[in-house]
Amino acid sequence: MFITKIDKYIMKKFLGTFFFIFILLMSISMVFDIAEKLTEFLDRDASWYEIFTIYYSNFIIYYGFQFVYMINFISVIWFTSKMAQNSEIIPILSSGVSFNRFLRPYFLSATLLVLLTIVMYNFVLPSSNKARLEFEENYYRTHFSTRGVIRVNPNQMVKYSSYNVFTHEVNDLNVETWGGDTLQSLLKAKRAIGDSLSDKWHLKFYNVRIFGGLNDKYYEGTEIDTNLNFKITEVIYRSNVIEAMNFKELNEFIEKEKQKNSSNVPQYLLIKYNRFAAPFAIYILTLIGVSVSSRKSRGGLGANIAIGLSICLIYVFSMKMTSVAALNVGFSPLMAVWLPNIIFSIVGIFLYKIAPK
């Protein structure tokens with residue numbers, strides 16, 4: 001495939017604008033984040049070197065690629081509108097170049113971003129997120145909120161109110177043991193410390209109720225060392241810990257959660273499928289962006305950007321709606337992440353059909 005000077009010109013503008021807006025938006029986000037967290041970082045003795053080389057370097061990578069399709073869309077709208085306002089597109093099309101041919105450098109650039117994003121989502125971001133989350137655990141967040149009820153195995157469910165990363169204590173631990181639909185026992189502990197390598201636990205201010213046919217048994221005490229059927233690492237992790245899992249680790253984690261009949265499996269599947277659906281959105285929004293902004297508008301650059309941002313907001317809203325449906329009403333997670341792409345593909349094709357050629 002022969003790449004002409006026009007292709008190189010458009011690709012240079014595309015990728016140059018993308019990385020400029022990427023750096024600009026992430027710098028602004030970083031400034032706001034610093035204003036919120038810096039005092040707490042310094043109070044907990046985080047060094048300036050760690051703050052910027054560990055936390056904010058990974059912060060920029062993570063949040064930048066979370067919204068890569070939006071940054072791509074704004075970039076396409078921005079530089080294509082400028083080309084249209086400067087009357088650069090009309091001579092290209094008037095010289096005999098078809099609109100399809102005009103789109104080629106856009107999709108070559110979009111392909112580079114799609115491949116980069118897939119690699120980042122599945123192989124680079126997990127290790128980057130791990131470093132960012134560990135930094136937050138040490139210097140910013142000291143408590144973890146419960147995910148709700150956690151099924152550690154088919155017969156046991158666990159919940160807790162919070163976890164302190166400094167004392168390594170679980171607060172308000174509740175362990176329910178079921179036999180089918182019958183609750184067999186309930187263990188409660190005000191404080192609990194678990195061993196990360198075994199199922200040994202140290203409970204403080206605990207009580208145990210064993211339910212019987214006629215008489216219940218009840219025990220309580222101040223402190224006790226005991227074995228439970230699960231490790232602390234099976235229940236104490238942040239809901240976004242899967243952000244630190246690569247593609248293989250995420251698949252293995254989901255399989256384990258399915259074996260436990262975890263109610264959180266749809267949430268994990270959404271994240272898994274989104275790692276491929278979100279990059280594909282770059283193609284769709286590139287087509288929409290060129291179709292919308294290639295026409296010279298009376299409103300100029302501002303009007304096209306306003307239209308672009310509106311489309312972005314609708315796209316993000318539709319993603320949230322389908323995700324909520326997958327989590328709450330049993331909608332397929334696979335369809336939830338791909339349905340917005342399907343709908344906006346149709347919108348993109350329609351805008352492409354009516355774009356000036």
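Numbers below:
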| read-out | value |
| --- | --- |
| Only listed residue being within 30 Å of residue 106 (Cβ to Cβ), assigned to a loop (DSSP other than H, G, I, E, B), free of Cβ contacts under 8 Å to residues at least 60 places away in the same chain and not aliphatic (A, V, I, L, M), chosen from 22, 2 | 2 |
| Tally, over segment 314-332, of residues that are crowded, with 19+ Cβ neighbours inside 10 Å and within 18 Å of residue 66 (Cβ to Cβ) | 4 |
| Residue in segment 262-277 that is of a type in the set (Ser, Thr, Tyr), closer than 26 Å to residue 107 by Cβ, assigned by TED's automatic domain parsing to the domain that holds residue 116 and under 18 Å from the mean Cα position of the chain (by Cα) present | yes |
| Single unsatisfied condition, residue 337 versus (1) of a type in the set (Val, Ile, Thr); (2) closer than 30 Å to residue 264 by Cα; (3) at pLDDT below 90 | (3) |
| Test: residue in segment 297-306 that is out of contact with any Lys or Arg (no Cβ under 6 Å at 6 or more places or on another chain), among the basic types (Lys, Arg) and not in a helix (DSSP H, G or I) | yes |
| Residues located in segment 25-49, provided they are hydrophobic (A, V, I, L, M, F, W, C), assigned to a helix (DSSP H, G or I) and either touching a His at 6+ places or on another chain (Cβ under 7 Å) or over 18 Å from residue 68 (Cα atoms) (or both) | 31, 32, 34, 35, 38, 41, 42, 48 |
| Segments classed as helices (runs of 4 or more DSSP H), wholly inside segment 50-123, with at least 2 members that are within 21 Å of residue 13 (Cα to Cα) and of a type in the set (Gly, Ala, Ser) | 68-85, 99-119 |
| Any chance residue 144 is buried (at least 19 other Cβ atoms within 10 Å of the Cβ) and at pLDDT below 85 | yes |
| Residues satisfying the stated conditions in segment 1-44, i.e. polar (S, T, N, Q) and under 21 Å from the mean Cα position of the chain (by Cα) | 27, 29 |
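Results for (1) modelled with pLDDT of 80 or more; (2) surrounded by fewer than 19 Cβ atoms within 10 Å (Cβ to Cβ); (3) not assigned by TED's automatic domain parsing to the domain that holds residue 283, shown as yes or no for each residue.
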position	(1), (2), (3)
107	yes, yes, no
111	yes, yes, no
115	yes, yes, no
120	yes, no, no
152	no, yes, yes
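Here is a yes/no grid of residues against (1) aliphatic (A, V, I, L, M); (2) touching a Gly at 6+ places or on another chain (Cβ under 8 Å); (3) at pLDDT 90 or above:
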residue: 223; (1), (2), (3): no, no, yes
residue: 226; (1), (2), (3): no, no, no
residue: 239; (1), (2), (3): no, no, no
residue: 249; (1), (2), (3): no, no, no
residue: 265; (1), (2), (3): yes, no, no
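Conditions (1) at pLDDT 90 or above; (2) under 16 Å from residue 273 (Cα atoms); (3) not acidic (Asp, Glu), marked per residue:
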position: 292; (1), (2), (3): no, no, yes
position: 296; (1), (2), (3): no, no, yes
position: 301; (1), (2), (3): no, no, yes
position: 310; (1), (2), (3): no, no, yes
position: 322; (1), (2), (3): yes, yes, yes
position: 327; (1), (2), (3): no, yes, yes
position: 333; (1), (2), (3): yes, yes, yes
position: 343; (1), (2), (3): yes, no, yes
position: 355; (1), (2), (3): no, no, yes
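The values are calculated or read from the model by the stated rules, or taken from the named source; none is laboratory data. Quick caveat, the model's predicted, so the values are computed rather than measured. Quick reminder, even Gly has a Cβ in these numbers, built from the backbone with ideal geometry, and neighbours come from all protein chains shown.
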